[in-house]
Amino acid sequence: MKKIVMLLAMIMALSSCSNGIKGVAEPPQISVYNVRMAGLSILERSANAVIALRIKNPNPFSIPLRGLDYGLSLNNIKVAEGSVERNLTITGHEDRIIEIPISFKLGSLIQAVPDVLRTRKFTYDLSGHTRFPLIAVPFSRVGKVGAE
């Protein structure tokens, strides 16, 4: 019974504050590890990529991942957004890379292309959050590609 009460207290502490409680329960650390193109089909009007996220669990106990939501913008034009259900467990002190497939809105992607071709550069904003029980942990990667 004491273990159940302790576990519930840790979960409540973790969910009540996005920073967790140092030394007791801390939220997982999420970062964008890589993004790569996975395919383009003009006939199907689709483009696909894979986002690799690094998830670090700083706690001595396992945390179940339930899914994630994401959005990708190029030159401030939203070209992809979605939600992925993923049920897996990040064990205590584990550092894991997970790959998430994303699909682009080809119409929006085509909208961004003329400016990219003209300027030979673009800005991107990939952001979202992972869903764990009781908390959502954000991730983001913003940057520029091309000549200045």
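Quick notes on this structure:
- Among residues of region 113-140 that are more than 12 Å from Leu74 (Cβ to Cβ), those with a Cβ under 7 angstrom from a residue that is of a type in the set (Phe, Trp, Tyr) and at pLDDT below 90, sequence gap 6+ or separate chain, pair up as Ser127/Phe139; Gly128/Phe139; His129/Phe139; Thr130/Phe139.
- Residue check, Asn34 in a strand (DSSP E or B) and modelled with pLDDT under 90: yes
- Considering residues of region 68-109 that are touching a residue at least 40 places away in the same chain (Cβ under 8 Å) and of a type in the set (S, T, N, Q) only, the residue nearest to Pro133 (Cα to Cα): Ser103
- Matching option when the condition is among the polar types (S, T, N, Q), closer than 30 Å to Glu26 by Cα and in contact with a strand residue (DSSP E or B) (Cβ under 8 Å, 6 or more places away or on another chain), among Thr123, Thr130: Thr130
- No other residue among Ile102, Ile97 is among the aliphatic types (A, V, I, L, M), part of a strand (DSSP E or B) and modelled with pLDDT of 90 or more apart from Ile97.
- Residues in region 129-148 that are buried (at least 16 other Cβ atoms within 10 Å of the Cβ) and β-branched (Val, Ile, Thr): Thr130, Ile135, Val137.
- Looking across region 96-128, the residues that are surrounded by 12 or more Cβ atoms within 10 Å (Cβ to Cβ), within 20 Å of the chain's Cα centre (by Cα) and either farther than 19 Å from Arg45 by Cα or hydroxyl-bearing (Ser, Thr, Tyr) (or both) come down to Arg96, Ile98, Glu99, Ile100, Ser103, Thr123, Tyr124, Asp125, Leu126, Ser127, Gly128.
- Considering the conditions (1) surrounded by 14 or more Cβ atoms within 10 Å (Cβ to Cβ); (2) closer than 24 Å to Pro27 by Cβ; (3) at pLDDT 90 or above; (4) under 16 Å from the mean Cα position of the chain (by Cα), Pro64 is excluded by exactly one of them, (1).
- Condition met for Phe61 (aromatic (Phe, Trp, Tyr) and part of a strand (DSSP E or B)): no
The values are calculated or read from the model by the stated rules, or taken from the named source; none is laboratory data. It should be emphasised that the depicted structure is a prediction, and the values quoted were computed from it without experimental measurement. Cβ: placed from backbone, ideal geometry, glycine included. Neighbour counts: every protein chain shown.
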